[in-house]
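Note sheet for the following structure.
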Amino acid sequence: MDDTGAVVKIPGTVRRIVSLVPSLTESVAATVPEALVGATDWCSHPAGLDVARVRGTKNPDLDAIIQLRPDVVLANAEENRPPDIEALRQAGIPVWVTRIETLEQAFASLDRMFAYACRTGRPGWLDAAEEAWRAPGQGPRRTAIVPIWRRPWMVVGRDTFTGDVLRRLGVDNLYAGHTERYPKIPLAELVERRPELVVLPDEPYAFTETDGPEAFPGLDCALVSGRLLTWYGPSLVDAPALLRRALG
């Protein structure tokens, strides 16, 4: 069963994999690159990835995926739409769906994905990632907000991988108790909360030094790599050290 409890019939040998999640694409490319035959247009790592592109995570080209004859398609419960997953399954293609909201879930999910969906051994980088996060190090605890979009402003809310990553680094998300996972919050309210830190990732909205910090005068802002903050894969090995440096 995949992370959602769905029974997925995977062949004994997996030679052709299509990934519909950028972080899973990077994970497979770092582990069994010869098996990766398709990925989304948003799969930017590793650089120079030469596989068939099947549009985006929310609008995959289902016909193109079917024509690639994958032994398995890798998806994610948050990033990919249930109708697309079901359509591929109806076409006779096994779809393995991950569900990841914490680091511990990421480690366990990736271990199972490689063992059962990819039919390969546990990658060395996964061991290194677990070791890197065993004691990631942190200074005094700080409160933060994590905008992910503007016009309208949206922030990281409850039960997110991003929130768990920051918590382990000593940064507590002020909206972790919100009823929504990615709530829309008026800018005035965000400023009035007076967080000790405003964390501005470069994805999905590409915040920069000139686009984002100016909205939070008098507040400390940290520009960080969205890949380090939200991707679960080989980037987890270096993420603790690089994020600590970026968060200041």
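Every number in this text was worked out from the coordinates using simple rules, so none of it is lab data. These numbers were taken from a predicted model, which means no experiment stands behind them. Note: ideal-geometry Cβ built from the backbone for every residue, glycine included; neighbour counts use all protein chains shown.
Taking θ as phi - 60° and the Karplus parameters 6.51, -1.76 and 1.60, the scalar couplings of the range 66-83 work out to 4, 5, 6, 6, x, 6, 7, 10, 9, 9, 9, 4, 8, 8, 10, 7, x, x Hz in sequence order, x denoting glycine and proline. Between Leu242 and Glu180, the modelled labels are 3.0 nm apart [label points 7 Å from Cα along Cα→Cβ]. Measuring nothing but alpha carbons in the range 17-122 and taking Rh as the Kirkwood radius, the Rg to Rh ratio lands at 0.92.
Under a model in which nothing but the beta-carbon of Lys, Arg (+1) and Asp, Glu (-1) is charged, the range 1-103 shows a dipole of about 260 debye around its Cα centre. Amide H contacts for Arg142 (H built 1.01 Å from N in the peptide plane; partners 5 or more residues away or on another chain; cut-off under 5 Å): Val171, Asp172. Each Lys and Arg adds +1 at its Cβ and each Asp and Glu adds -1 at its Cβ; summed about the Cα centre, the chain shows a dipole of about 280 debye.
Expressed to the nearest 5 percent, the antiparallel share of DSSP beta bridges inside the chain is 20 percent. Spin-label model, Arg53/Ala87: points 7 Å from Cα along the beta carbon direction are separated by 2.0 nm. In order along the range 20-28, phi translates into HN-Hα couplings of 9, 9, x, 5, 6, 4, 4, 5, 5 Hz, rounded to whole numbers, per the Karplus curve 6.51 cos²θ - 1.76 cosθ + 1.60 with θ = phi - 60° and x for Gly and Pro. Structural descriptor for the chain: relative contact order 16 percent, calculated from alpha carbon pairs under 8 angstrom and at least 6 residues apart. For the peptides 4-12, 183-191, the ranking by packing is 183-191, 4-12, with the highest mean count of neighbouring Cβ atoms within 10 Å listed first. Within the range 142-247, antiparallel bridges make up roughly 30 percent of the DSSP beta bridges whose residues both belong there.
Since only Phe216, Pro152, Leu166 are under comparison, the one whose Cα sits farthest along the positive direction of the charge dipole of the range 140-248, derived from C-beta charges on Lys, Arg, Asp and Glu, is Leu166.
Amide H contacts of Leu200: Ala222, Leu223, Val224, each under 5 Å away and 5 or more positions distant or on a separate chain (H built 1.01 Å from N in the peptide plane; Pro and chain starts excluded).
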